[in-house]
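K.L.:
Just dropping this structure here.
The values are calculated or read from the model by the stated rules, or taken from the named source; none is laboratory data. Everything numeric here is computed off the predicted structure, so don't read it as measured data. Ligands, DNA and RNA are stripped out before the accessible areas are found, and what is left, the full protein with its side chains, is counted by its heavy atoms. Shrake-Rupley method; radii C 1.70, N 1.55, O 1.52, S 1.80 Å.
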Amino acid sequence: ANLGSLIRTSSAMGIDAILLSDDCCDAWYRRSVRVSMGHVFRVPIVRLESAIAADHGDGGCGNGGSDSGRGMIDVLKRLGEIGITTHAAVIDEDAQLLETVTVTNINDNNANGIKTHNNNRGWCCVLGNEGNGIRSSVVKACDYRIRIGMAQGVDSLSLPVAAGILLHGLRERETIGQT
């Protein structure tokens, strides 16, 4: 049910794609499809090779063999190479508060309409499961660690609620810059 809610929330926030590690539950499980209210058919969903495989140096394939897939860490690095900023959602007190994050997306055209090269083409928010969060190696592969400010005595939220707050917060903080 959590993944279905996450998919529906992502669709509502205009997210371009959802990347799942292979140890994530099945987006096409009937309950997930039902809870997503059909949005599982609107948002591209890609299952990546496990972050565990990437952590163990087998190219992200999970079989010690060829590099037929990319691990989560490899994908995060690649996203950075093409100008996508990555944010790991954590509960650590020393992580940056969501309300202080600035997200800058640079347009492809300058003021004269001429194509320019971008440094930042968007963002990616990495979420972990409710029990274990995000693997430390995956958090380290992200550009930033962000957290939701909460009242004293509350240390976490359900994944769908946290996703809604984070995705809305990042969208709300987007600024469009010209190069």
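K.L.:
Determine whether the stretch 105-122 contains at least one residue that is open to solvent by 40 Å² or more (accessible area, probe 1.4 Å) and modelled with pLDDT of 90 or more.
P.N.:
No, every residue in the stretch 105-122 fails to be open to solvent by 40 Å² or more (accessible area, probe 1.4 Å) and modelled with pLDDT of 90 or more.
K.L.:
Filter the stretch 1-21 down to the residues that are open to solvent by less than 70 Å² (accessible area, probe 1.4 Å) and under 15 Å from VAL46 (Cα atoms) and list them by number.
P.N.:
LEU3, GLY4, LEU6, ILE7, SER10, SER11, ILE15, ALA17, ILE18, LEU19, LEU20, SER21
K.L.:
While we're looking at this one, here's another question. Those residues that are modelled with pLDDT of 50 or more and farther than 13 Å from SER5 by Cα, I need them from the stretch 31-72; list them, please.
P.N.:
Within the stretch 31-72, PHE41, ARG42, PRO44, ILE45, VAL46, ARG47, LEU48, GLU49, SER50, ARG70, GLY71, MET72 meet the criteria.
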